[in-house]
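Step one of this worksheet: look at the structure below.
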Amino acid sequence: MTNETIMVITGTRKGIGRYLAEYYCQRGYQVVGCSREESNFSHSHYRHFCVDVANEDEVRGMFYDIKRELGHVDIMINNAGIASMNHVLLTPMKTVQDIFDTNFIGTFLFCRESAKLMRRSGGRIVNFATVATPLNLEGEAIYAASKAAIESLTRVLARELAPFRITANAVGPTPVKTDLIRSVPEHKMAALLSRQAIRRYGEFRDISNVVDFFIKPESDFVSGQVIFLGGV
Amino acid sequence: MDAGNDKRREALNAIYFAMDQINAERSSDKLLKKEETTHLFGIGANMDSLELVTLVLAVESRVSNQLGVAVTLADEKAMSQRNSPFLTVKTLADYVVTKIEESSRD
């Protein structure tokens, strides 16, 4: 990909998304980020949109602007996600709705709208899964299920978008020390890490390493795959 | 010419523009005829599902470029209609006009 490569990343105000926005701006990509609130990140290669990723009209409006200003999209990174640890029997319906809205509906909308702007010259979609799905983590039923839906979506997208030379893959991170796990007790995290083959927290660079692999030009024959970190 | 006719002409232009993209990938003996009676989808259709996707996206893109309005043709309403708006060039053109009018009202 050239320096004119246009990359859209969701959830760039903080955490992994913020890291990825900075990382790819530094490498010369034109990064379009978004979050519900304003971002304090500024860079000559960065443009921020305030959108709710699960709001279809807002997402369509964002891509309408991208099309008008930049013409196309090369890479879509669906990072935005929320989690809520709770026992299934104590999980309110509203929590389920919110998690599926942001994680699954948001990913779906950005896949659909970005693929429309990739179909002429091909592109790459990278979605975010989680080790909570294959590990069937207690307390994370809804989060894990929303990400399982993303895995399925990714595999079917890979087939439906292949004729347009668009690949779709997912990275499945282990816990990374971000706000997402801030409220999870330390002993719970230790128990989780003990189920990984490589027992440490994930680092931001572990994630960008997998994203780098999916988006490199030589990876145009890699699609429909989910790469889990930590040896899960 | 009144505004309604202008919209319909834009809609037809967008559809024919999209058909040009599909025809570019077809052999000369299988070209889609740029006529209102051409069947697009359903029984007697002249396109496969991937071509229909390409057509719909190309029409959306053309309408947005020419008229500055974002329309989504493949919405819930279109998918649930007893008579699909994607049956023929004519039904699609009529549908595109209604979507343009809806977007203009928003």
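Points worth noting:
- The label-point distance for A:LYS94 and B:SER84, in a model that sets each label 7 Å from Cα toward Cβ, rounds to 4.1 nm.
- The relative contact order of chain A comes to 18 percent, based on Cα pairs under 8 Å that sit 6 or more residues apart.
- What the Kirkwood sum gives for the protein assembly as shown is a hydrodynamic radius of 21.5 Å, with every pair of different alpha carbons counted.
- Candidate aspartates and glutamates - alpha carbon under 19 Å from B:LYS33, same-chain residues fewer than 8 apart omitted: B:GLU10, B:ASP20, B:GLU25, B:ASP48, B:GLU51, B:ASP94
- Projecting label points 7 angstrom from Cα along Cα→Cβ for A:GLU56 and A:ILE82 puts them 2.0 nm apart.
- Sequence-separation-based contact order of the stretch A:1-83, relative, with Cα cut under 8 Å and 6+ spacing, percent: 35
- Fraction of beta bridges assigned by DSSP in the protein assembly as shown that are antiparallel (%, nearest 5): 5
- Cut-off 19 Å, label 7 Å out along Cα→Cβ of B:LEU50, residues of the stretch A:84-119 by amide N: A:112, A:115-119
- Positive-end residue of A:SER42, A:GLY202, A:ILE150, charge dipole of chain A with Cβ unit charges: A:GLY202
- Chain B, relative contact order [Cα under 8 Å, separation at least 6], %: 35
- Using a Förster distance of 35 Å, the FRET efficiency for B:GLN66-A:ASP220 (Cβ separation, nearest 0.05): 0.60
- Axial C-alpha extent at least 15 Å, average Kyte-Doolittle at least 0.5 - helices from chain A (DSSP): A:141-161, A:204-215
- Restricting the stretch A:1-53 to GluC sites (Glu not before Pro) that sit in a DSSP loop and have at most 15 other Cβ atoms within 10 Å of their own Cβ leaves A:GLU4, A:GLU37, A:GLU38.
- Ordering of A:158-166, B:83-91 by burial proxy (mean other Cβ atoms within 10 Å per residue, highest first): B:83-91, A:158-166
- Remark: for residue pairs A:LYS14/A:LYS116; A:LYS116/A:LYS216; A:LYS67/B:LYS99, the C-alpha separation exceeds 24 Å in A:LYS14/A:LYS116.
- Only the Cβ atoms of Lys and Arg (+1) and of Asp and Glu (-1) were treated as charged; on that basis the dipole of chain A about its Cα centre amounts to roughly 360 debye.
- At most 16 other Cβ within 10 Å, DSSP loop - GluC sites (Glu not before Pro), the stretch B:1-57: B:GLU25, B:GLU35, B:GLU36
- Residue of A:ALA115, A:ALA190, A:ALA170 that the Gaussian network model of chain A assigns the largest fluctuation, springs spanning Cα pairs under 10 Å: A:ALA190
- Modelled label positions at A:PHE213 and B:ASP20, each set 7 Å beyond Cα in the direction of Cβ, lie 4.4 nm from each other.
- The separation of the stretch B:1-48 from the stretch A:1-43, counted between C-alpha centres, amounts to 39 Å.
- In terms of packing, defined here as the mean over residues of other Cβ atoms within 10 angstrom, the peptides A:125-131, A:64-70, B:2-8, A:204-210 line up highest first as A:125-131, A:204-210, A:64-70, B:2-8.
- Straight Cα distances below 13 angstrom link B:LYS77 to the aspartates and glutamates B:GLU102, with same-chain residues fewer than 8 positions distant left out.
- A straight chain from A:HIS72 to A:ARG165 at 0.36 nm per residue would run longer than the Cα-Cα distance by 32.1 nm.
A short reminder: the numbers here are calculations on the coordinates, not readings from a lab. Computed from a prediction, not measured in an experiment: that's the story for all the values here. Counting neighbours? That spans all protein chains shown, and the Cβs are built from the backbone with ideal geometry, glycine included.
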